[in-house]
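The values are calculated or read from the model by the stated rules, or taken from the named source; none is laboratory data. The structure displayed is predicted, hence computed values, not measured ones. FYI the Cβ positions are ideal-geometry reconstructions off the backbone, even for glycines, and counts take in every protein chain you see.
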Amino acid sequence: MPVNKRMLIKKYTSHQVKNFTILKPEIDKGLSRLTYEIQHVGSTSLPELDSKSIIDIIIVYKTNRNLKK
């Protein structure tokens, strides 16, 4: 994203949670061999809170033994 682009705060819609629900299975496909947890975090994860339009996702690994070095 260009540095000079502005991020606008928008009114809450249920689309934010719905979009995470759509994205999560796609991430699951790419990480199928790992032990992990996918979490929806940030302002878009909180119902009724106005937020930016980008969904924040964090992937938590249960162990680092599955990661290539």
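Can you run down the residue pairs with Cβ atoms below 8 Å, 6 or more apart or on separate chains, where the first is in segment 35-57 and on the phi > 0 side of the Ramachandran plot and the partner is exposed (fewer than 15 other Cβ atoms within 10 Å of the Cβ)?
Partner pairs satisfying both residue conditions: 42/56.
Does residue 26 satisfy the condition of being on the phi < 0 side of the Ramachandran plot, among the charged types (D, E, K, R) and assigned to a strand (DSSP E or B)?
no
If you take the residues of segment 42-62 that are part of a loop (DSSP other than H, G, I, E, B) and over 11 Å from the mean Cα position of the chain (by Cα), which of them is farthest from residue 12 (Cα to Cα)?
62
Can you tell me which residue among 24, 11 is modelled with pLDDT of 85 or more and within 17 Å of the chain's Cα centre (by Cα)?
24
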